[in-house]
1. Sequence-distant or interchain residues sharing an amide H contact under 5 Å with Y223, placed H: which?
2. Tell me the label only: which of (1) 62, 41, 31; (2) 55, 37, 33; (3) 42, 39, 38 is Cα extents along the principal axes in Å as calculated from this structure?
3. Between C93 and residues 5 or more places away or on another chain, which pairs have amide H atoms under 5 Å apart, with H built 1.01 Å from N, and which residues are they?
4. When the helix-only estimate is applied to the chain (DSSP H runs of n ≥ 4, each -39,500 (n - 2.57), divided by the residue count), what is the mean residue ellipticity at 222 nm, nearest 500 deg cm²/dmol?
5. How far, in nm, would the chain grow between D107 and E225 when pulled straight, counting 0.36 nm per residue and subtracting the alpha carbon separation?
6. Quick one: of the DSSP bridges fully inside the range 1-91, what percent are antiparallel, nearest 5?
7. Using the Karplus equation 6.51 cos²θ - 1.76 cosθ + 1.60 (θ = phi - 60°), what ³J(HN,Hα) coupling, rounded to whole Hz, does each residue of the range 182-197 give in order, writing x for Gly and Pro?
8. With the cut-off at 21 Å, tell me which of the pairs K165/K213; K21/K196; K3/K188 have Cα atoms farther apart than that.
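Please treat every number below as a calculation from the coordinates, not as lab data. Values in this document were obtained by computation on a predicted structure and should not be read as measured data. Glycine also receives a Cβ, built like all others from the backbone with ideal geometry; neighbour counts cover every protein chain displayed.
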Amino acid sequence: MSKKPFRFKAFEVHQDLCAMKIGTASVLLGAWADITSNPYSILDIGAGTGILGLMMGQRTSAELIDGIEIEPDAFEQCVENFDNSPYFGRLFCFHTDLNEFVEEVEDQYDFIICNPPFFSENTASPDPKRDRARRVASLPFEELVLGVSKLLTPQGQFNTIIPYKEHLNFIDLAENVGLYPSRLTYVKGTPDRETKLVLMAFSFHEVSAVFDKLVIELERHVYTEEYINLTKDFYLDM
């Protein structure tokens, strides 16, 4: 396996130890996240390589950017990537799961971001770590929204990305703990494909949600202007 890092414009990410590699979903979420409130503290739940924390380091002046990661190799890699980044003084990763973190931490966060496991099916592959990282069972949506509801400040915001087929159920679960959607972006790979992902922002305030759409490519490797504008501060070739 190649040990060459994934290079972005402002930082690089090693991922050889991680079961789940950097993908479009994480970069989309990190670039799309609404940080106009200038959060002082940010939490990434399920940090993996640390990509979202690093993107938040580039995009914000937040003094505190924490990640939590339960998988030992991914935790080690996240710490390495944080320590070698331009934002190392503001980034920290905890080796813990969400339930333990909720029980132990006393502070709350102004902004929480999470790219959760996507697959509810128990898909099997030759890599058990990858299976675990991908299964929703490793971070059930009910557990995620409940944890967020306890860790988020009253005026805070939670941003995530969810498969389209799961997003209405996710909204219902979030509303059960007092979190309401304020912005949803429906993502297609190409104009003729069905919607696969939904970027979502939540807060404790019930408002009329804003809806929009994003298409990534017009055809293979021909990216839309909207996608280029969204990610151009990160990808080297944008």
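1. L218
2. Read-out taken from this structure: (3).
3. G67
4. After summing the helix terms and dividing by the residues of the chain, the value is -9000 deg cm²/dmol.
5. The D107-E225 span can extend by a further 38.5 nm.
6. So the antiparallel bridges in the range 1-91 amount to around 25 percent.
7. Going residue by residue, I get 10, 7, 9, 10, 8, 10, 10, x, 9, x, 8, 8, 6, 5, 10, 10 Hz, with x marking Gly and Pro.
8. Cα-Cα > 21 Å for K3/K188; rest within.
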